[in-house]
Every structure is written in C-alpha cells, then in structure tokens.
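K.L.:
Before we start, here is the structure in question, set down as structure tokens.
The values are calculated or read from the model by the stated rules, or taken from the named source; none is laboratory data. Treat the numbers as computed from the prediction; the structure is a model and nothing was measured. Virtual Cβ from ideal backbone geometry, glycine too; neighbours counted across all protein chains shown.
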C-alpha cells in the first residue's frame, strides 16, 4: 500500500494562474479589478479632456455665489441673495420633508387598504382592488400631475372667501382654510417667547433653534422620565405587596401640568390664518404643490404596500387565525395581535424598497413646482450656472446617501424584529 | 307502554333555506350587510361610487368628437349643452391619436413598428406560453437583429453582419478549442467577434449594400415618439438588461471578493439614485464621459442609461430566483462533476430564470411606466407629445383629455401585463407543489 | 443579445461622430440635414402639427438657414430641447444651431461660450392679472402669488424686481406654460409672469381674453435670438446673415411673392440686387450660392411675413409688432447693410 500522505512537490507554473482553482479565483479578481480601474481611468481621462476643451474645469466655486432665485417653501430662512449652497440645502430639506411625510401616509394607507382588500364586504374589497390596480398601472408622474390639477380645479381660490357673498368659507370654527393654493392651518405662537438660538452665524448652513421648542421638549422629556420612574416604583410595590398603587392621575398630571404651565408662561396661543391682501396671512401654509406631491406619492406607493401587506397576511397560515379565533379573540384583535405581527417579517424587506422608491420618485416634484433638491440643485442652479457635471454628480451623491441611510436604518430595524421573533 | 306521540316516524322533507340566506338577498346579506359596520361601509362606498360616476360619466360621454380646435369644441359644447364645462373634447384625440402612438414616424411606414410589435409577441411566446409551437424559437433567435432593422430601417446587411459576428465567434471557439484549450479559445472567440463588430462590420456592410442594395428606408430615431418610444425603450432595456442582470446577480453571489464588491457597488449605486438623474446624465453628461467628438443620438443614450437602470433591478430579481432554488440543486450539480459554468447553464439558470419570470415582468412594467420621465429631457414620449400638442395654437388650453387618454392606455398595457404575471405566478406555483 | 442590439442600433441609426469644432457647414452638407434645436412646444414659436411638421416663428429661422445652406427648407431635423438640455445639446454638437427663444445674456455669450448671431424677437418680462383684481401696476402686487415658468431667466428677474421694490411675493415655479395657464385660470396664482409675447399668446387662448390685462411694467430686457457655438465663425456668419437677409428683405420690400421676379434680373435698387445675388458675389463670400437669399426669402417670406404668419395680429396669438417693427417704423429690427 503506497503512502498517501506525501503530496507531490508543487512547483509554481504560470499556467496555474488559470488552470489551478486555487489561483484562478485570484487571477479573475485581479483581472476584474484591473479592467474596472482601466474603465474608470478611461472615463475620467475623457471627462477631463472634454472639460478642458469646453473650458469648464471642475469647480465648485459657484456654490458660494448668490443663487438669485426665490424658493417658496423654506424650512430655514432664505432670500434670493443667499448662496446656491443654501438653496440646495433648502431643496434637500424639502425632499426629506416630502419623503418622510409620504412614507408615513403611504404605510398607513397601504396597511389599511391591504387589510380591507381581504374584507368580507364584497363592495369594499372590490373598491380597494380597483384602487390598487388603478394606481399601480399608471405612471406616478401622471398621478402627480393629476393630483395637482384636481386640487387646483376643485378647491376654491382665496378670492372666493372674500366679500359679502363669499362662495367658500373656512372650516373647523374658522381656523382652517382650504384653498387651491394650499391649506392654511393655525400656527403656534408665543407672546412671551424666548427667541431663537442662531447656529453657524451668517454662513450658508446657518439655522435657528427655537428656545421655546427646546424648553417644551425638555419639560416633556423630564415629565416622561418622572412618569417612567413612577411606573417602575408602582411595579416594585406591586411585586412586593401585590397591591398596585394607582398611577394614572400622576401620569396624567405630569403630562399636562408642567407643559401647560410652561405654555402659559410663554404666552402660548394659536395664530389663525386670515384673509388679507391677495392671500391668507398667518397660520402655517401647506402649499398645494407639497400636498399634491405628498398625496400622489403616498397613494401610488400605498397601492404597492397594500399588495405587500395582503401578501404578508395571506402568507400567515390559516391555522394561526383559527387558533386565535378558538381562543376567543375578535376579528380585529386577531388581525392586530396575531396576524400582523407575524406578517411584518414578510412585509418589511419589500417595504424598505418601496420607501426607497418613494424617496426617489419625490424627484418628480419638478412637475408640480415643488422645490426639492432636483428642483434647486438639479434644476435652477444647474440651469443658471451651466455646471452640469458638478450639479448632477452632487445630486446623485445626495440621493445615494439618502437611499443608503434609509436601507441601513430599515435593515437594522428588520434585524431587530427578527431577533425579537426568534 | 303509552304512546309517546312525539316520536317521528318519517324524515321531514328538505326545506328551502330561508329567503334571506339564498339568492340575491342572501348574497347581499352575506357580502354587503353583515353587521352594522359593514352596512355603513357599504352605504358610504355606494355613495362614493355614485358621486364619482356622476361627475365622470357625463364628462366622458357627453363629449365632442368631431372638432379641429379647442375653440370649435367650445362652440359646439355651448350650442349643444349651453355650457363649456363638464364635457370632454375628444377631438384632439381623434386628430392626434396616431401621433400619440407613433410620434413622428412616417405614416406610410407604420407597418414596421406594428410588425415589430407582433413579432415581439411571437418571439416571447415560447418563453411565456408553454403551449406555443417550438418553431417560434427561431423568431426569438433572430428578433434581436430584426427589431433594430425594422425600427430604424436601412440596409439589411448591418444586422446580418452583426449576427454573423456571433457565428464567427462560435467558429473560432470551435476551431481553436482542441488546439489551445477552452479558456484561450473563448478569449480568442470574444476578441474575434469584437474585432469583427468594431472594425469590419461597417466597411463590409457598406460594400455589400452598394453591391446588393437590399434594405428598407431608414428612419432617424428623432422621429420616434409616443407609445412606440415607450415600448421600444422598455423592450430594449429589458432585453439587454437580462444578460447583464444575470452576470451581476452571479457576481453578487460569487465568492470572489472584488468581483462581488464591484457588482454590489454597481447595483446599489443604480438602485440608490432616481432614474431622472440617470436621464440627466444621458442628456448632458454622457457625451462628456466618452472620448472627445463622440456624439450619438439622444434616444440611444437614453436607452443605454435605462438599460443600466433596469440591469440593477434585474440583477436583484434574478438573485431572488437564485436564492429560491433549494441548496440541493447546487450540490446535485457539484456531485455530477459539473464545473461552475456547466452547472449554471444546465441546472441553475433554467430553474432560476423560470422562477424569476413574474419578477421580470413586473420590472418591465416598472421600466415601461418610468419611460414617461424622458419627457423631462425633451424626448417625445406620450407626455412630451402632450406638451407639444398643447403648444399647437388650435389645442392650446386642452388638459384633461390628453392625460386621460394617456393614463388609460398605460393602464391597459400595464394591467394586462400584471394580470399575465399573476397567471404565471399561479402556474409556477402549481408546478412546484 | 446585448451587444448586438446596441451595435445593430449603432450601425443602423448611424453613429454620427464628428468633432464639434470641425467646419459645421461641411458636416451639414455631408449629412444633408440641418439639426436645429427648438423648444419642445411653445405656441406660435415652435410646435409640431398632426403630421409632425414643425411650424412657428423660431422654426422659420431654422428653415431659412436650411434653405440657405442646403437649398431645401424642409431639410431640417428639429431637436426638441428643454430649458435644461438646450445648451448641452448645442455645446456637444447635437444641434448645429439653437432657435429656441433664448435670451442673449452676458454669461451665456461669454461663460457658456455661445455666439448669439442676432435678435429675432425683442421681448421683455411682463405680468398678466385678472381684470377684477383692479390693479394697474406691478408695484401693487405686495403679497401676491406669482406663477413663473422655471428654467429661464424669468425667476431671476422676478426675484430682482420684487427685491429692489422691497415688496414680498410668493413664487410658484411651474415647468410648462400649459400648467401655468391652468393654475392662473383657476386662481391658484394671482399673477402670471413670463415673456410678454408668451403672456399675449396665452391670453389669446383663454375663453374670455378680455377679463385679463397685461400690466404696463416690463421688468427685463429679453432679446431672443438664435445662437451657435463659439469657434466656427464661418458658420456663425451664415446664420447671422440669413437672419439679416430676412430682415433686410422686409425693409426693402422683397416678399415671398415677388422675390422670384426680382431675382430674375438686376433691378434699380443696388442693395436688392446685392441681396438677391444679381449683382456682386456676397453669396460666394459666405461659401454659398450667389442666389442663396432667394431661397431664404421664398421659403416663408421675409421677417415681416414670418411674423404675421406665426405670431402676428391675424393669428390667435395676435402680437403687435411693437419693438419688433422695422427701425424705419420706429422699432428695433435693424439689419446691417448688405454690401
């Protein structure tokens, strides 16, 4: 019997790079990397040559120039003398606003519709099916444009509120005005406010922090901390004595009293919108471009989410709901306590990609004149400065960052849910 | 034993169920009015439907079909109904529907896109319908060469010679394999085909077409528009992205670290940015990235970017298909002694692709819907044409009719495809059980 | 499949490679077509009809240039461009010239490196308001909601105007004229501002044009003209003098009706003779035929005829000549002499 332990002496030959599986993977990777780097170098070289020919070397200096245009919806103060950088920043904030609002409402509508599609009520189930198919099968750009057009055509103009024979009136005890320029809501005002903290001085990234808001948040936080402490104490007493002291009045009092006192001290009151000049003045103005975009994106994405939710619910075996029924749970309790929590595991991964889609689709804001980052950085700024390369690359980078953060956060949440499940 | 008068001796005859639980009434009770919550919901829904239809139906059906301008429409409306609101002016659709379908494609050549579309159905039939005759696979094989020829026209030698490149590659591989081994033969085959395509096809096709001028009139891509453009971009992007997507999906699953990183990077980058930024790249930056002086037409540039976009999504769909295959399939392939590519070709891919077909169809629907974004960079897709039509003095001011028509057509296309994809899903599911 | 489709499309569609700085005229003659960038659709200036034939005021300039260079006014490929893509299309050589009511500004001329070859329409940004608003000046617009068409110089002018007058406003940026029109009519904005020609054209299509007024303020100068790339002066000259030929023809009374007759033999007016090539060799100096201007003018007439046919008072757009009258009639339209 010959010995098997002696491996033949290996001498390295060049052909082993290709034929020996141990080395081949290495070879392929090196070749792939070199190919990629060659491609990248080729593209960059072309770009530099072309830009030199055009006389437009890469230069981000234009960001410090005055933008020159106005932005109607702004979360930070801004005027047309501010820089392109600040205009882009405002656009970014607007993108985030509509994305966050859209994701929240899309989830709510989507879950609702997904559940209702399985309803026993034939009519409701059919209507929901029609809704889902209608929205899923028509491009979102069309929905955005249509949502805007419907708002403009069907709601009254501010001038309909004016005069003695006004054809429209404000809702909710004259506190809310719904017009075709948007919705005016009451705003919170403080007659003895503490003013703002200015951060970053006069730079393009400056922003204000309201001391009032900070104070309210601090007091609320302290109250909640106290409530939790009290609940823990109640638990301990219950564990020790079997008697649970009543905590609800303490909880309620802590929630209401300190905040209420603080609000009274700050002179809190509502500012109601009033018709003055051409428009309503005062109050918070939700512009119709924001509402139309928000609605269209939510409804469109909700149609997809509804299908995901329905699929998730159907994936939970019938036995689960039957068992829950046998325990005596009612229909809505079965849904809330047994089926949905399990379905979440199936639902969340595709939900993430729908949130991503919604965020990316918010770049169509330009169709209704909502000044998101595509409208500022990728729109007017790009147009006025003629710096396409810089603007588009930066725009892509911004969206990429947002997308990766969303999927990062949602994946983290997904893993958390999974861990809890096991 | 006394008589117990209550012992029944014969069965009671079957009785009809109560009137409230059968027939229409029973159905209504069961499905619409079971409980007061449901009843309220039903009533609200009925009210909503009635309200929506009351607004919509008169607009759709009490409308003007024969008119040459919006002004004429309004005159007819005022004469017929005494008001100009609440009635559609379909005259614009009647005049422009061909344009909305084909863009500025020469009318006498409409048969070409139509034929291309019909052949497309024939070409994908063997993949989609199990009952289709196998001979249609020949159509599938030549379709990639037929489509550009039919759409853009020109000499027939271009596509024929491009197809010949594949044959040349195959022959080189076949001939060299015994001499220098499989891998080098493959490299040589690819190189030969590339040289053929890049340097020889142009001159030879020129020579052949001057010697034997077989061809159809060429149409420049700027004349493409309307739904034809949307479908073309969608079909080409999906067709081309399928092989790229397979490569990316395999790369993402592979053990090779760098290859995997490159694939993941590409997929996540494309999926992380909106299509509109990629279209901006197509319209403004692509020329800057390519060698100085390169300049090819915008539709081709858009198709390239949409293809890259679709590839990333396709890769994810196929990765899902690969992940759905049981581990045993891979192990079985290994145990048969198949190498990586044999295993992929003979065992893995046929199954994974089959599972992925519904996903591919929905990717196609998504890409097809997204093609309306090309309007933002100035191409004449249906929405872009709507803008152009409204710039015509005769139709300036028209709004809902065009959007309604476009939305309706998109709905028809996408809805039928999504229904088909559902049917497919059901069929595949039964196959597996 | 992937390579074949792209390559097939490339071979079939033709890969139009060529350095942007090569002689543009040679490219055009080799191609047999002039690539002309126009807007995606602007009433009166550029719009395709049901047969896909483009027509309009800007389009006429393209056709005239095609007639000059190729002798065929229909040998034009119209490339619809948006506010975003127009300059890239011109800079990259995708189009040979741009006739897309583009305002001649310093930065576009100098920084973006284009040559404006003249002005075919003197415009200015104006305001339109509903009559029942009862205002007569734009300075009364404090707090108003203003619809603007984005992607143009309009929003910059507007910001400057309101800032310098120290009044506030709420801008509503809108992508296309059609949407702006809809918002304005529904009362979603109080004012619509864009170029005065656009306002007039828009108003003309309203159901009740009389209910809307244009305010007297014109807050900017918007000289709109065709443009070409820097670096090919010979090509720039051809476009420039084609436009000038149209203008001169109107001044000299050469129309599409009488141009053939006037060109058949030298007449009494030497400038007409030089223009139409019956005297001198101006055409050859441009590298064209001596009778190039005959083709230009017989295409769709002289400047005045083009104006009247597309945007003049007889059309639904109904623009008066105003600043765009010949200098002899008190306008600004003025061509350097043909000599």
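K.L.:
Is it the case that segment B:306-314 has a residue that's in contact with a helix residue (DSSP H, G or I) (Cβ under 7 Å, 6 or more places away or on another chain) and over 18 Å from residue B:234 (Cβ atoms)?
P.N.:
Scanning segment B:306-314 turns up no residue that is in contact with a helix residue (DSSP H, G or I) (Cβ under 7 Å, 6 or more places away or on another chain) and over 18 Å from residue B:234 (Cβ atoms).
K.L.:
Which of the following residues is touching a residue at least 12 places away in the same chain (Cβ under 8 Å), more than 14 Å from chain B (Cβ to nearest Cβ) and over 24 Å from residue C:204 (Cα atoms): C:304, C:267, C:295?
P.N.:
Just a single option satisfies the conditions, and that option is C:295.
K.L.:
Let me ask something additional. Being surrounded by fewer than 10 Cβ atoms within 10 Å (Cβ to Cβ) and either outside any helix (DSSP H, G or I) or in contact with a helix residue (DSSP H, G or I) (Cβ under 8 Å, 6 or more places away or on another chain) (or both) is the requirement here; does residue B:6 meet it?
P.N.:
Spelling it out, residue B:6 is indeed surrounded by fewer than 10 Cβ atoms within 10 Å (Cβ to Cβ) and either outside any helix (DSSP H, G or I) or in contact with a helix residue (DSSP H, G or I) (Cβ under 8 Å, 6 or more places away or on another chain) (or both).
K.L.:
Looking at (1) within 23 Å of the chain's Cα centre (by Cα); (2) surrounded by fewer than 21 Cβ atoms within 10 Å (Cβ to Cβ); (3) free of Cβ contacts under 8 Å to residues at least 60 places away in the same chain, which one does residue B:289 not meet, given that it meets all the others?
P.N.:
Every listed condition holds for residue B:289 apart from (1).
K.L.:
From (1) in contact (Cβ under 8 Å) with a residue 24 or more places away in the chain; (2) crowded, with 18+ Cβ neighbours inside 10 Å, pick out the condition that doesn't hold for residue B:126.
P.N.:
(1)
K.L.:
I've got another one for you. Output the helices (runs of 4 or more DSSP H) that fall wholly within segment C:174-254 and possess 2 or more residues being under 29 Å from residue A:365 (Cα atoms), in contact with a strand residue (DSSP E or B) (Cβ under 7 Å, 6 or more places away or on another chain) and away from chain A (no Cβ under 14 Å), or say none.
P.N.:
C:196-204
K.L.:
Within segment A:397-413, does at least one residue satisfy the condition of being modelled with pLDDT of 85 or more, within 10 Å of another protein chain (Cβ to nearest Cβ) and more than 16 Å from the chain's Cα centre (by Cα)?
P.N.:
yes
K.L.:
Hey, another quick one. Output the number of residues of segment B:344-387 satisfying the condition of being within 14 Å of chain A (Cβ to nearest Cβ) and either within 17 Å of the chain's Cα centre (by Cα) or under 24 Å from residue B:319 (Cβ atoms) (or both).
P.N.:
So the answer is 18.
K.L.:
Conditions first: (1) surrounded by 14 or more Cβ atoms within 10 Å (Cβ to Cβ); (2) under 28 Å from residue C:146 (Cβ atoms); (3) modelled with pLDDT under 85. Residue A:166 passes all but one, so which condition is the exception?
P.N.:
(1)
K.L.:
Something else: Could you identify the single residue in A:224, A:152 that is more than 30 Å from residue A:274 (Cα to Cα), at pLDDT 85 or above and in a helix (DSSP H, G or I)?
P.N.:
A:224
K.L.:
Condition first: touching a strand residue (DSSP E or B) at 6+ places or on another chain (Cβ under 9 Å) and more than 10 Å from every other protein chain (Cβ to nearest Cβ). Now tell me which residues in segment C:157-166 satisfy that.
P.N.:
Correct list: C:161 only.
K.L.:
Let me ask something additional. When you look at residue C:317, is it outside any loop (DSSP other than H, G, I, E, B) and either touching a residue at least 60 places away in the same chain (Cβ under 8 Å) or not assigned by TED's automatic domain parsing to the domain that holds residue C:234 (or both), yes or no?
P.N.:
no
K.L.:
Which of the numbered conditions does residue B:394 fail, given that it passes all the others? Conditions: (1) at pLDDT 85 or above; (2) crowded, with 19+ Cβ neighbours inside 10 Å; (3) within 11 Å of another protein chain (Cβ to nearest Cβ).
P.N.:
(1)
K.L.:
Name the one entry in A:262, A:254, A:275 that is within 12 Å of chain C (Cβ to nearest Cβ), surrounded by 12 or more Cβ atoms within 10 Å (Cβ to Cβ) and out of contact with any strand residue (DSSP E or B) (no Cβ under 7 Å at 6 or more places or on another chain).
P.N.:
None of the other options fit; the residue is A:275.
K.L.:
I've got another one for you. Return yes when residue B:108 is buried (at least 16 other Cβ atoms within 10 Å of the Cβ), within 12 Å of chain C (Cβ to nearest Cβ), at pLDDT below 90 and not in a loop (DSSP other than H, G, I, E, B) and no when it is not.
P.N.:
Spelling it out, it is not the case that residue B:108 is buried (at least 16 other Cβ atoms within 10 Å of the Cβ), within 12 Å of chain C (Cβ to nearest Cβ), at pLDDT below 90 and not in a loop (DSSP other than H, G, I, E, B).
K.L.:
Of everything in segment B:397-417 that's within 8 Å of another protein chain (Cβ to nearest Cβ) and in a loop (DSSP other than H, G, I, E, B), which residue is surrounded by the most Cβ atoms within 10 Å (Cβ to Cβ)?
P.N.:
B:397
K.L.:
Right, next: With C:278, C:255, C:202, C:248 as the choices, which residue is in contact with a helix residue (DSSP H, G or I) (Cβ under 9 Å, 6 or more places away or on another chain) and not assigned by TED's automatic domain parsing to the domain that holds residue C:309?
P.N.:
The unique qualifying residue is C:202.
K.L.:
Would you mind telling me which numbered condition in (1) within 14 Å of another protein chain (Cβ to nearest Cβ); (2) over 21 Å from residue A:69 (Cα atoms); (3) at pLDDT 90 or above residue C:146 fails?
P.N.:
For residue C:146, the exception is condition (2).
K.L.:
Out of curiosity, is residue A:189 away from every other protein chain (no Cβ under 14 Å) and surrounded by fewer than 17 Cβ atoms within 10 Å (Cβ to Cβ)?
P.N.:
Yes; evaluated as a whole, the condition is true for this residue.
K.L.:
Turning to a different aspect of this structure: I want to confirm something. Restricting to segment C:69-107 and keeping residues that are more than 28 Å from residue C:174 (Cα to Cα) and within 14 Å of chain B (Cβ to nearest Cβ), which single residue is surrounded by the most Cβ atoms within 10 Å (Cβ to Cβ)?
P.N.:
The selected residue is C:96.
K.L.:
Within segment A:311-324, how many residues turn out to be in contact with a helix residue (DSSP H, G or I) (Cβ under 7 Å, 6 or more places away or on another chain) and modelled with pLDDT of 90 or more?
P.N.:
The total comes to 1.
K.L.:
Every residue in segment C:20-68 that is within 22 Å of residue C:286 (Cα to Cα) and within 8 Å of chain B (Cβ to nearest Cβ), please.
P.N.:
C:20
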